[in-house]
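Below: the structure, in structure tokens.
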Amino acid sequence: MLAAEFHASNQLIQAIDQLLLAGFTNLNHTHQTTLQRLAQVYRGTPLEAAMLSVATDLSNGVFQPASFGLLAVARAALQTAQYDQLALQLRAQLGRPTIDQPLPTTAALASTPPLLSSVQHWLMDLAVMGFARLEPAMINAFTPTLAQIQANPEYLRTAALLAGWMHELVLQPEQLPLFRWADLWTRAMLSTLSISATPPMQSVSGTLYPLGFEWRQHATLVSWVLYAVLEAEAAPQLATITQSAYKVAAIQDDQLWLLFPEANLLFESLSTGKALVLTNQQLLAAGQLIWDAAAATLGDKYDLLAVAERHFGLNAKQPLAQTQLAPEQRHPIHLAEPIVLSNYQLAQSGEGSSLSVGEQRFKLDLAAISGSEIDVDVLESAQRLFGLLRFDAGEWFVRPLATSLKKGKPLFIGLENGKVFKKAPKNNAVGILKERASRLLREKS
Amino acid sequence: MIPSSLNPPQVFQKSAKRDVKEVPFVELADGRLQGVISSGSDIQRVYVAYFEARSLNFYCSTNNNRPCGGLRGSPCNHLISLLGEGIKQFGIPGILKYLQSAHDPTTITTIGDLLKIAGHITHQAHGAIFSRFLGSLQLLELPLSALPLPEMDWFAGGA
Ligand SMILES: [Zn+2]
């Protein structure tokens, strides 16, 4: 059940999105009212004066990147509040503790670097024109800037969002996904307002129990997150490992793994069910390991689902807390609560599939598993899964990452494709293109 | 109804495997279907070719801007390969839409149909295409990132 506040903030977000759709040179009376409502919402907050003057400027057709930056902040803050509310509600329901660790502060940029300033101007142009009226020329005009942003690893967050969005914009779909595009516009704008400096790290040694990979990708970037339990000197904790690599559209499926040679050891750990012994790996405060395959070796056997269930089952013996994201990063899409479901009833209907355990019912993310190693049939007979509880479009759903049909033999998303580590394809796109790159790029210079 | 942050419009269908040996680069950009095609005979040479929006006019030249010998009034084999791989990556409807073709998309379903509506030779090479190819290769040479990248949650799926 979603609280009334959620629906209220969602209504305001969708009203803001109507402004982005129509374009700020085209505001009608309803749109003007939305700007006034927005200013009212921030009354009594530190943003009060700024929001009021932004609302006035935008209503009067005075357009500056800073105003659109603040509009993005205002929209994002509504989603931060939604994230907090949903996280609290879910953890209470699952009986899991919350950690209130001190959060790393993100410094706002004193002055905007020229490249990020170009991004802000382009995003402003899109908003002024309106998503419904974008011309190919406007979209193409950004191509050279995007190429420069991608070339600078400091701007990876901005580049990841904008490269993915550009592929969608270029196609000009009949059905414009307004909410999604407004999200992408907002996050891209936010990403130009601050730069997260390399966060403080500490060195850890201990045992890592990998539980599953979650993959994310668009045409020119691919990224995975490994979810795991880390037993170091202190109490066990949830740990994640992320790696991201640029790609080209032609690199797909199993070839994606070849972009991540250091993932081989993690894949081996998962597929053989052997834990990893870590020696002096770097760990960020929020539980993210900076993966270094050279500082890890295969260790003893472990039972993936047993480890996962101990910490993430519905009645977990040793429930683990999850650390909070920094406030400016909170958005319902980032909610990812690890969960183990056992002895469930799988029900399929026209509206989708769900898993029931006692009174609790969980919608299944069918898109994520169809055609995968752990499709509905496998889940039906496995009777136990590890996955993530995620939230989108007003509802929670389970995205399964791993299961097992035979005791101790894990099945997980990516298992089939990862077999390229054992036997690299003869003509693999990654190899061919990297070879071209080394020849052509050296030749040129 | 609360709308979704996910479910991007279909950007490119999961295609038959692209042949990157023959056509290492193909994209819809700058108002063109454009790309780079390997020479059949010389590993050091590549061809740069494109079809441009609306007119579907085309051209093919070496990366040193020498006109392709195979171009005689109609698209050469390089342009045909480019189109074939472009179809694999974007689909015919995606290409027609991007190139703002005035033709009824329901009547164009094969590569042959597309070739029939091609325009004329432009005799104009675009250096930017080869630069963009080099740019995409440069991306492949950038180091991996091992830091969290929550922004990619908007692009869930795959592999
Ligand atoms: Zn040619």
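The values are calculated or read from the model by the stated rules, or taken from the named source; none is laboratory data. Keep in mind the model is a prediction, meaning the values are calculated, not measured. Methodologically, a virtual Cβ is constructed for each residue, glycine included, from the backbone with ideal geometry; neighbour enumeration extends over all protein chains shown. SASA here: full protein model, heavy atoms, side chains in, ligands and nucleic acids out. Shrake-Rupley method; radii C 1.70, N 1.55, O 1.52, S 1.80 Å.
An oblate overall shape is assigned to segment A:276-332, the ratio a/c of its alpha-carbon gyration tensor axes (a ≥ b ≥ c) being 1.5 or greater and a/b not exceeding b/c. Taking a spot 7 Å from the Cα of residue A:84 along the direction of its beta carbon, which residues of segment A:23-53 have an amide N less than 12 Å from it? Flagged as within label range: none. Here the Karplus relation 6.51 cos²θ - 1.76 cosθ + 1.60, evaluated at θ = phi - 60°, turns the backbone of segment A:212-222 into coupling constants of x, 9, 10, 9, 9, 6, 10, 4, 10, 8, 9 Hz, with x for every Gly and Pro. For residue B:7, no residue 5 or more places off, or on another chain, has a built amide H under 5 Å of its own. Computed from the alpha carbon positions, the gyration tensor of segment A:314-413 leads to an equivalent ellipsoid with semi-axes of 23, 17, 14 Å, biggest first.
Diffusion coefficient (Stokes-Einstein, Kirkwood radius over C-alpha pairs, 25 °C, 0.890 mPa s) for segment A:201-302: 175 µm²/s, rounded to a whole number.
If the limit is 30 Å between Cα atoms, which of A:317/A:409; A:423/B:21; A:363/A:407; A:406/B:88; A:423/B:97; A:247/B:97 go over it? In this structure, A:406/B:88; A:423/B:97 lie more than 30 Å apart at Cα. Couplings for segment B:29-43, taken from phi via the Karplus curve 6.51 cos²θ - 1.76 cosθ + 1.60 with θ = phi - 60°, read 7, 6, x, 9, 8, 9, x, 10, 10, 5, 7, x, 9, 10, 5 Hz in order; Gly and Pro are left as x. Partner shielding of B:17-25 amounts to 5, given as the average count of beta-carbon atoms from other chains within 10 Å of each residue beta-carbon. Rg and Dmax over the alpha-carbon atoms of chain B stand at 17.4, 58 Å.
Stretching residue B:106 away from residue B:122 to a fully extended chain increases their span by 3.0 nm, per 0.36 nm per residue minus the current alpha-carbon distance. With respect to chain A, whose longest principal axis is taken over its alpha-carbon atoms, helix A:429-444 is tilted by about 60°.
For the set A:204, A:170, the ranking by accessible area, highest first and with no ligand, DNA or RNA atoms included, is A:170, A:204 under a 1.4 Å probe.
Figure note: A:331, A:29, A:7 ranked by solvent-accessible area, largest first, 1.4 Å probe, ligands and nucleic acids not counted: A:29, A:7, A:331.
On the basis of the beta-carbon distance and an R0 of 51 Å, residue A:348 and residue A:151 show a calculated FRET efficiency of 0.60. Taking every protein chain into account, the accessible area of the protein assembly as shown amounts to 42 square angstrom per residue (probe 1.4 Å). In terms of its alpha-carbon gyration tensor, segment A:249-351 comes out rounded; the largest-to-smallest axis ratio a/c stays below the 1.5 threshold.
Treating the beta-carbon of each Lys and Arg as +1 and of each Asp and Glu as -1, no other charges, what is the dipole magnitude of segment B:25-137 about its Cα centre, to the nearest 20 debye?
With Lys and Arg at +1 and Asp and Glu at -1, about 140 debye.
Once you reduce segment B:103-123 and segment A:410-445 to the center of their Cα atoms, the two points are 34 Å from each other. Counting, for every residue in A:429-438, the Cβ atoms of other protein chains within 10 Å of its Cβ and taking the mean gives 5.
Computed with every protein chain present, the accessible area of residue A:231 is close to 60 Å² [probe 1.4 Å]. The HN-Hα couplings worked out from phi for segment B:92-106 by the Karplus form 6.51 cos²θ - 1.76 cosθ + 1.60 (θ = phi - 60°) are 4, x, x, 5, 4, 5, 4, 7, 6, 5, 7, 6, 5, x, 6 Hz, whole numbers, x standing for Gly and Pro. The reciprocal of the average 1/r between distinct C-alpha atoms defines the Kirkwood hydrodynamic radius, which for the protein assembly as shown equals 25.9 Å.
For chain B, taking a cut-off of 4.7 Å between Cβ atoms, the unpaired cysteines are B:76.
Calculated on C-alpha atoms, the gyration radius of segment B:78-159 divided by its Kirkwood radius gives an Rg/Rh of 1.09.
Within the accessible surface of the protein assembly as shown, defined with a 1.4 Å probe on protein heavy atoms only, the carbon and sulfur portion equals 53 percent.
Rank these residues by their accessible area, most exposed first, probe 1.4 Å: A:218, B:120.
B:120, A:218
Calculated mean residue ellipticity at 222 nm for chain A: -13000 deg cm²/dmol, from DSSP H runs with n ≥ 4 weighted as -39500 (n - 2.57), summed, divided by the residue count and rounded to 500. Residue B:106 sits with roughly 110 Å² accessible to a 1.4 Å probe, with DNA, RNA and ligands left out of the calculation. The dipole here belongs to the protein assembly as shown: it is taken about the Cα centre, uses +1 on the Cβ of Lys and Arg and -1 on the Cβ of Asp and Glu, and is about 1120 debye. Distances between placed amide hydrogens fall under 5 Å for residue A:240 paired with A:288, A:289, all partners being 5 or more residues away or on another chain.
In a reduced charge model with +1 at each Lys and Arg Cβ and -1 at each Asp and Glu Cβ, segment A:200-263 shows a dipole moment near 200 debye about its Cα centre. DSSP finds beta bridges in chain A, and of those with both partners inside it, around 95 percent are antiparallel.
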